[in-house]
Each structure stands twice: as C-alpha cells, then as structure tokens.
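Participant: Can you keep this structure in mind? I'll have questions shortly.
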Amino acid sequence: MRIKRVAALAAAATLALGMAACGGDDAEEGTGAGSKSFAAGSTMERLNKAQAIKIGTKFDQPGFGQKGLSGDPEGFDVEVAKIIVKELGIPEDKIEWVEAPSKVREDVIVNGTVDLVAATYTINDTRKERIAFAGPYYEAGQNIMVKKGDTSITGPDSFKDGAKKVCSVTGSTPAEEIKKYVKDVGSQLVLFDTYDKCRDALTGGQVDAVTTDNVILLGYIAKDENAFQLAGENFTKEPYGIGVKKEDTDFRAFINDTLEKAYGDGSWKKAWDDTAGKFGAELGEAPAVNRY
C-alpha cells in the first residue's frame, strides 16, 4: 500500500509540474513579451520589450481614422496599424494614439513623437526626403464633394473660371493637386487643419466644394446622404503608406512583410470590410509593396 501511495504522489507531482509549465507558456503568449524574437537593437525589439507603441493617425477621417465613442480612433488606417502592432507582440490596449493632421505627419515621425504614422498618408517623393514609407496598403483617388443636387461642379476643371471656392487641408496632397486647376489660389482655395472644418464650411456656404481622397469623402456622404454628393470621377491616384523614420530600413521591411502577410491571411480585407468598406468604396486588389 505504501508503494502505491508513493507512486500516486509522484504522479500527482509530475502532473502539477506539467500544468504549471503549460500555464507559464499561456501567460507568456498573453502578454506578447518573449513570444516574439527580433534582432538586437532593432525598433521591433525595442517596442516589443517596452510593450507599448505610439501611433499617429487622423481623428477626423470617417472610415479611416475618426474618434469613436470609446475615445479612440476607429477606421481602416487604425485597423491596419493594429495588424502591425499584433505582429510586434504588443497588446492593443498598449497603443497610444496620437492625432496627426496632414501638416504635422512628417514632424511627429522625425521628432520621435510617434513610432509610426498611419493616416491616409499618400506616398510621394517630397515626403520621402524627410521620412520613409512602408506599403502602399491601399490606393485611393482624389475627388470633389459638393452639396446634394449641385450640378455646377463636375470635376476639377470647374474651378478654372475663378468663380468657385474649394476647401482642403493644409499640408495635404489634395491641396497641392487642386492648385493646378484653380484660377486664383489666394481667393479660391480655402485651407483648414482638418476636413471636418471643410465639411462645415461647405454646409455653411463659405465654400462650394471640398476636395480630398474619394474614400474620405464617401465617409462624409455615408453619414449624411441627403447633404452631400461626389462631383465627377477620381482624377489622381493616391497610394497610402505607413510613415516611419527615414533611416529605419529594418522597421520598414518588417512592416512590408506584415502587410504582405495580412494580404494573404485575410486580415487586411477584414479590416476594410469592418470600416471603410461599409461606405461603398471598393478595396480592389492588394497593392504591391514598394521595397525601395
């Protein structure tokens, strides 16, 4: 009997040790720390060890980055950023969202205010002089929004006679592009720091139109279909990328790898379907990342 009792106690001890070991593995996976391995000294290692990340995004872009009832931004940009955060092994509740309007996006990257920017951020050569881009992860196109029923504006050429005012955002690609079409930039182009202010100016009659990327405008239209409509077709191509520090090639490569993984596993499409896709915009094929 004594032999049987000792054997039973030994078996119980072995089982307890095995359960403790399993519990330890689960705890490690739950925190994210230690479950990912990155090159020593890399941005990925730093962020994983800190278990925290700062991300710049827009707070006023329906479908892409707009503050929700929770106080955190919601949208496609936000969900794409979360995919990257998950790959870093960092819990979502450890993200600090930092508002990054168009005019300060390069600044917050260069100054280290944020670790990356996902904010309807069109990739272009001018911006590449200061920062680097991973992606693109989406291609939008510039369009024009007018009041419902307004047929006097049919596209960018409608501003060439100098009679109409158009609103956009300081530091944005759309603001620069529309300058090619207006007769008098000083009197026709109205600039604010957010698109919400442009929308309000259109509602109040201070401007005749708002111009930015089609998906942003579709977000405003979806919220009030009786107030606004698009005028004409897209007249540019706007590839959206993730902004990081110019010299951080390893982090950029990591994000590109993560985006390609998301294309294949369905998380990229789900992010779209749950956000901007609800406004009727098309996702299209996954764009090829540019590993320049």
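Participant: Go through the residues of the range 195-206 one by one and say whether even a single one is of a type in the set (A, V, I, L, M, F, W, C), more than 21 Å from residue 181 (Cα to Cα) and either outside any loop (DSSP other than H, G, I, E, B) or touching a residue at least 12 places away in the same chain (Cβ under 8 Å) (or both).
Facilitator: No, the range 195-206 has no match at all.
Participant: Now for a different question. Return the total of residues in the range 210-257 being surrounded by fewer than 23 Cβ atoms within 10 Å (Cβ to Cβ), touching an Asp or Glu at 6+ places or on another chain (Cβ under 8 Å) and among the hydroxyl-bearing types (Ser, Thr, Tyr).
Facilitator: Residues meeting the conditions: 1.
Participant: Also: Considering each residue of the range 165-180, count those that are in a loop (DSSP other than H, G, I, E, B), buried (at least 18 other Cβ atoms within 10 Å of the Cβ) and either without any contact (Cβ under 8 Å) to a residue 60 or more places away in the chain or touching a Gly at 6+ places or on another chain (Cβ under 9 Å) (or both), and give that number.
Facilitator: Residues flagged as in a loop (DSSP other than H, G, I, E, B), buried (at least 18 other Cβ atoms within 10 Å of the Cβ) and either without any contact (Cβ under 8 Å) to a residue 60 or more places away in the chain or touching a Gly at 6+ places or on another chain (Cβ under 9 Å) (or both) within the range 165-180 amount to 1.
Participant: Which condition from (1) closer than 24 Å to residue 59 by Cβ; (2) touching a strand residue (DSSP E or B) at 6+ places or on another chain (Cβ under 7 Å); (3) not assigned by TED's automatic domain parsing to the domain that holds residue 53 is the one that residue 188 breaks?
Facilitator: Unmet condition: (1).
Participant: Among helices (runs of 4 or more DSSP H) lying entirely in the range 31-115, which contain 1 or more residues that are small (Gly, Ala, Ser)?
Facilitator: By residue number, 43-50, 76-87.
Participant: Hey, another quick one. Would you confirm, using the coordinates I've provided, whether residue 260 is assigned to a loop (DSSP other than H, G, I, E, B) and of a type outside the set (A, V, I, L, M, F, W, C)?
Facilitator: no
Participant: (1) in contact with a helix residue (DSSP H, G or I) (Cβ under 8 Å, 6 or more places away or on another chain); (2) at pLDDT 95 or above; (3) under 30 Å from residue 87 (Cα atoms); (4) not in a strand (DSSP E or B): which one isn't true of residue 242, the others all being true?
Facilitator: For residue 242, the exception is condition (4).
The values are calculated or read from the model by the stated rules, or taken from the named source; none is laboratory data. If you're wondering where the values come from, they're calculated on a predicted model, not measured in any experiment. No Cβ is skipped: glycine too gets one built from the backbone with ideal geometry, and neighbour counts run over all protein chains shown.
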